[in-house]
């Protein structure tokens, strides 16, 4: 079985570093870097779940 890397939910690049994630109404979003995470967060504020829900 091939080890398939996840793609960034903003730019599509491979996610090589864990930890850049957000919880949205559609589920967990993963990002390749803090920049992509921040841009996604700004553009989709209405669709994100509060941080307390992710703990």
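Summary of computed values
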read-out	value
The chain: angle of helix 34-43 to the longest principal axis, Cα-based, in degrees nearest 10	40
Theoretical gain in end-to-end length, residue 39 to residue 7 [0.36 nm per residue, Cα-Cα removed]	9.9 nm
In nm, spacing of pseudo-spin labels at residue 16 and residue 46 (7 Å Cα→C-beta vector)	3.6
Relative contact order (percent, whole number), the chain, Cα cutoff 8 Å, 6+ residue spacing	31
Candidate values [x] 1.24; [y] 1.09; [z] 1.15, label of the one derived for Cα Rg over 2.2 N^0.38 Å	[z]
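Readers should treat all values here as calculations from the given coordinates under stated rules, not as data from a laboratory. In this text the structure is predicted, and so the values were computed from the model without any measurement. Using ideal geometry, Cβ is built from the backbone for each residue, glycine included, and neighbour counts are taken over all protein chains shown.
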